[in-house]
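I have placed the structure first, in the form of structure tokens, so that the comments after it can refer back to it.
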Amino acid sequence: MAEVLAETETLTGREIERVYVDKGYVSHYAPKPMRVFRSGKKRGVHGQIRKELRRRSAIEPVIGLCKKDGHLGHNYLKGRNGDQINAVMSAVGYNFRLILKWLKALFAEIVATICHAVITLSALRAAS
């Protein structure tokens with residue numbers, strides 16, 4: 001874990017204060033000031049840490065969805081670069097699906113507003 005944390009700090013340019021892991025994670029070799037929190041832990045967890053643990057559990061279904069629908073589970077690209085490209089393309093596909101869902105809802109709202117305006121206008125013309 002120490003290697004991954006050092007690499008992550010290098011990539012992000014920020015110091016990592018807390019690490020959140022799942023229940024299957026058994027041991028770690030993290031620097032002393034760093035605090036590692038396992039999901040499902042009740043004792044000693046309060047405030048901001050509890051909020052962040054809940055946020056972590058909200059992200060896990062997205063990862064599962066990317067594995068299933070975004071083809072993140074099967075990688076047909078070769079090497080380490082292929083792994084990275086596959087992960088990025090899966091995230092891009094997930095974001096495109098979210099944007100398309102939002103555009104569909106927006107288009108439905110626009111059509112409903114136009115239909116409502118046309119019906120109101122035709123009712124006003126019929127009344128006069």
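Pull up the stretch 16-35, narrow it to residues that are surrounded by 10 or more Cβ atoms within 10 Å (Cβ to Cβ) and over 22 Å from residue 61 (Cα atoms), then point me to the one that is modelled with the highest pLDDT. Outline the logic, then answer.
Step one: of the stretch 16-35, the residues surrounded by 10 or more Cβ atoms within 10 Å (Cβ to Cβ) are 16, 18-22, 25, 28, 30-31, 34-35.
Next cut, over 22 Å from residue 61 (Cα atoms) only: 16, 28, 30-31, 34-35.
Values: 16: 81, 28: 63, 30: 65, 31: 63, 34: 64, 35: 74.
The extreme case among them is 16.
Scan 80, 97 and give me the residue that is assigned to a helix (DSSP H, G or I) and surrounded by fewer than 10 Cβ atoms within 10 Å (Cβ to Cβ). Full working, then the answer.
Numbers: 97 fails: surrounded by fewer than 10 Cβ atoms within 10 Å (Cβ to Cβ).
Exactly one of 80, 97 is assigned to a helix (DSSP H, G or I) and surrounded by fewer than 10 Cβ atoms within 10 Å (Cβ to Cβ), namely 80.
For the stretch 59-94, give me each residue that is of a type in the set (Gly, Ala, Ser) and at positive phi. Break it down stepwise before answering.
Here is the first cut: in the stretch 59-94, the residues of a type in the set (Gly, Ala, Ser) are 64, 70, 73, 79, 82, 87, 90-91, 93.
Within the stretch 59-94, 79 is the sole residue that qualifies.
Tell me whether the stretch 105-114 contains one or more residues that are of a type in the set (D, E, K, R) and at pLDDT below 85. Outline the logic, then answer.
Filtering the stretch 105-114 down to residues of a type in the set (D, E, K, R) leaves 109.
Those left that are additionally at pLDDT below 85: none.
Taking every residue of the stretch 105-114 in turn, none turns out to be of a type in the set (D, E, K, R) and at pLDDT below 85.
Residue 62 - would you say it is under 19 Å from residue 22 (Cα atoms), modelled with pLDDT of 75 or more and among the aliphatic types (A, V, I, L, M)? Let's see the steps before the verdict.
Working: under 19 Å from residue 22 (Cα atoms): yes; modelled with pLDDT of 75 or more: yes; among the aliphatic types (A, V, I, L, M): yes.
The answer is yes for residue 62.
The values are calculated or read from the model by the stated rules, or taken from the named source; none is laboratory data. Not measured: the values here are computed from a predicted model. Here Cβ is always computed from backbone atoms with ideal geometry, including for glycine, and neighbour counts include all displayed protein chains.
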